[in-house]
Structure formats: C-alpha cells, structure tokens
1. Tally time: how many residues in segment 100-132 are surrounded by fewer than 16 Cβ atoms within 10 Å (Cβ to Cβ), under 23 Å from the mean Cα position of the chain (by Cα) and not acidic (D, E)?
2. Considering only segment 90-149, state which residues are without any contact (Cβ under 8 Å) to a residue 24 or more places away in the chain, within 30 Å of V75 (Cβ to Cβ) and among the basic types (K, R).
3. Among the listed residues E84, E62, identify the single one that is open to solvent by 30 Å² or more (accessible area, probe 1.4 Å) and charged (D, E, K, R).
4. Scan segment 20-40 and tell me whether some residue there is assigned to a helix (DSSP H, G or I), modelled with pLDDT under 95, open to solvent by 50 Å² or more (accessible area, probe 1.4 Å) and hydroxyl-bearing (S, T, Y).
5. So the check is Cβ under 8 Å with 6+ separation or different chains; which pairs have a first residue in segment 46-66 that's free of Cβ contacts under 8 Å to residues at least 40 places away in the same chain and a second one that's assigned to a loop (DSSP other than H, G, I, E, B) and of a type in the set (A, V, I, L, M, F, W, C)?
6. Identify the residue in segment 111-149 that is in contact with a helix residue (DSSP H, G or I) (Cβ under 6 Å, 6 or more places away or on another chain) and outside any helix (DSSP H, G or I) and, among all such residues, is modelled with the lowest pLDDT.
7. State the number of residues belonging to segment 65-81 that are hydroxyl-bearing (S, T, Y) and either over 30 Å from P135 (Cα atoms) or open to solvent by 50 Å² or more (accessible area, probe 1.4 Å) (or both).
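The values are calculated or read from the model by the stated rules, or taken from the named source; none is laboratory data. Since the structure is predicted, the reported quantities are computational estimates derived from the model, not experimental observations. Don't worry about glycine lacking a Cβ; one is built from the backbone with ideal geometry, like all the others, and counts go over all protein chains shown. Each accessible area value is taken on the protein alone, full model and side chains, heavy atoms only, with ligands, DNA and RNA left out. Shrake-Rupley method; radii C 1.70, N 1.55, O 1.52, S 1.80 Å.
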Amino acid sequence: MDHIAAIEQQMVSERLRKKLNDVNEAAQTHLSPIQDHVNFTLQQAYFKCAYECFDRQRKQEEIGSCVERCSVPVVNAQHLFENEMAKFQERLNRSLMVCQDKFEAAKLQKIGSDAVNVLESCVDQSIQDNLKSLPHLVGRLKASLSIRD
C-alpha cells in the first residue's frame, strides 16, 4: 500500500509542478509589456540622460548626482514591479498553503484518494483565482508607469 501511495504522491507532485509552471508562463506573458517598458524604454531614457551628465565643465560630484537623478525612474519602476510581483507570489503561496492544510485534514480523516482530489481541486481553484488577478495587476502597473497600450 505504501508503494501505491508513493506513486500517487509522485503523480500529484508532477501535476502540481505543471500547474505552477503554467502560472509562471501566464505571468510572464501578461507582464512582458511591463518588463519591456522598464528594460528598454526606461533604461534607454536613463542612458541618454546619464550620457548628458558627462560634461567636462562639471565637477565629479555634479556628474554623480546627475547620473543618480537619471536613474530614479528606472529604480522606482523596478521596485514597483518587484513589490507587485512579491505580493502576487505571496497571495498565491498563502492560497496554496490553505490547499495543503485541506489536504492534510482530508488525510487525517482517512479519506484517502479523495484527499488527492481535494488538493487538486483546491489548487486548481487557487491558481484560477490568482490568474484572474493578473490583468488587474498589469493594469495597475501600466497606470503607475504611464504605459499606454
């Protein structure tokens, strides 16, 4: 019986891993315009601005301050993006922990194979709920970064 349970656990783990990979792919697809904006538009503006800072008439401290001022939009955008992604990941992790708790409770109640169904159903719902939040997350980021479609 333990051998069958181990195989079943391995199958469940593999299906869950695939579902989490699907979440990663969906997040990357939704967020790629924001990453492009930060990595190309804002970075390009930063380098153009920083280039203008290098003037032989300026002192070294002035050049440093100018370059630092040029970096502010990029740094702020990166922090905003990272914070939003951390919140998304935290929400997903919390909902998956609830699923794990439901799974453990079902196992304790000796439900057996139904425990696996409880886990998979919960994970599916959790992932779907989190994926539904991605367009709203993208909208917030686009609004904050003044990105027009």
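1. 6
2. Across segment 90-149, the qualifying residues are R94, R148.
3. Unique residue meeting the criteria: E62.
4. Scanning segment 20-40, I find at least one residue that is assigned to a helix (DSSP H, G or I), modelled with pLDDT under 95, open to solvent by 50 Å² or more (accessible area, probe 1.4 Å) and hydroxyl-bearing (S, T, Y), so the answer is yes.
5. What qualifies is I63/F54.
6. Out of the qualifying residues, it is I147.
7. Number of matching residues: 1.
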